[in-house]
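Here the structure comes first, spelled out in structure tokens, and everything after it is commentary.
Just so it is clear, none of the values below were taken in a lab; they were calculated from the coordinates. As the structure is a prediction and not an experimental result, all values here were calculated from the model. When we count neighbours, we look across all protein chains shown, and the Cβ atoms used for this are built from the backbone with ideal geometry, even at glycine.
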Amino acid sequence: MKILVSGAGMAGLSAATNLVTRGHDVTIVERSSHFRVNGSPIDVRGDAIDITAKMGLLDKIREHRLHMTDQTVFVDADGNAVAPLPVAEFDDSGDDIEIAREDLANLLAEALPAETTVVFNDSIGTLTEDGTGVEVRFVSGRTERFDLIVGADGLHSTTRRLVFGPEKQFVEHLGVYVAIADLPAEAGRADLPNPTYNYPGRMASIMRYHDRALAVFEFRSDWVDYDYHDLDAQKKILTDAYAGHGQWRVPELIAAANADPELYFDSCSQVHMPTWHTGRVVLVGDAAHAASGLSGRGTTLALLGTWFLAEELREDDLAAGFARYEERQRPYVRTGQAAAAGGADLVTPATQEAIDARNERIRAAMS
């Protein structure tokens, strides 16, 4: 089949690879001018590890393995360590693989079969299905016809909005926002601990790995209505959230965020849908079932779901193939989304009392 994959993130790249290797003609369309690889390190867990082995990527993924959670400590306003990060509360097992987001994205991009078409600086404008195919008009103005559309375009999926309805019908905000910025001043210091500082409802952290460093923020907030493509708006929301707090290294990290032209900023939200397919359109990854960064399982779900979809896809009976894909994927999604519960309480407690209680609990458990 001739298939369009919307989005070149983890879900889009893995979907394209799995579909092309099964004989399909695949085009990826990506809004950005390049593969976007910014973000904090991620995890490959459980059955997704076996999937990467089947994709021929596991050995390379293991070569890039990180151990960042082992190096993370909670600190006070003076930078003194007050408690280690309880790794057991994050990992499913010792087999889990932590890897830099850019490393996994680059490995997936390198694995794309040569016959894959990748189109940058464009995105879907409209979709028109007539039963035998889907006519796509892109934002650039060009049109093309496909047999199948795979929406892998993330939490704010354009494919989902065009086909299934407005985002607000499916997105559940979990009361937390996250931001990630490049921190060049700390680059090349991966031998140092990764400090995480809290004050009520706020978290600021430094993550160091390889020759890179990131400033990472997480803060509690009700839903904020803004244009999620507006970088200036994102920076203002982040700056306002930490305004007036001069302790630890918060002002320095906020300044780094404002200087980053590719700041990552988004809500911690989940997507809940009764079905991920209709007609000749199917959703994968966060577009279908975002679990949120609080779960630590978004990449794992993307790898699993795109493999299941490619395995179950049948040109002569799309509906049956989509149904089998959903049947196999939904148990993993339920587990992944449930894992987000309590994530903010551990990393970003709401009150000083909760921060103190968390630190004391961890110290008691480690003694």
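A few notes on this one:
- Spin-label pair residue 88/residue 173, simplified geometry with 7 Å Cα→Cβ offset, distance in nm: 3.6 nm
- Calculated FRET value between residue 140 and residue 341, using beta carbons and R₀ = 56 Å, to 0.05: 0.85
- Between the Cα long axis of helix 298-312 and the first principal axis of the chain there is an angle of about 20°, rounded to the nearest 10.
- For region 14-87, the set of trypsin sites (Lys or Arg not before Pro) satisfying both a DSSP loop assignment and a count of at most 15 other C-beta atoms within 10 Å is given as 22.
- DSSP-loop GluC sites (Glu not before Pro) across region 244-351, with at most 14 other Cβ within 10 angstrom: 262, 315
- Across the chain, the relative contact order, built from alpha-carbon pairs under 8 Å that are at least six residues apart, equals 21 percent.
- Among the listed pairs 60/236; 168/235; 60/235; 2/235, those with a Cα-Cα distance over 32 Å are 60/236; 60/235; 2/235.
- Cβ-Cβ distance of residue 317 and residue 225, R₀ of 51 Å, FRET efficiency by 1/(1 + (r/R0)^6): the value works out to about 0.80.
- Stretch gain in nm, segment residue 240-residue 33, where the contour uses 0.36 nm per residue and the Cα spacing is subtracted: 71.6 nm
- Ratio of the Cα radius of gyration of region 182-338 to 2.2 N^0.38 Å, where N counts its residues: 1.30
- Potential lengthening between residue 81 and residue 117 on full extension [0.36 nm per residue; Cα-Cα distance subtracted]: 8.0 nm
- Angle in degrees between helix 352-366 and the longest Cα principal axis of the chain, rounded to the nearest 10: 90 degrees
- Contour excess over end-to-end distance, with Cα ends at residue 278 and residue 187 and 0.36 nm allotted per residue: 28.1 nm
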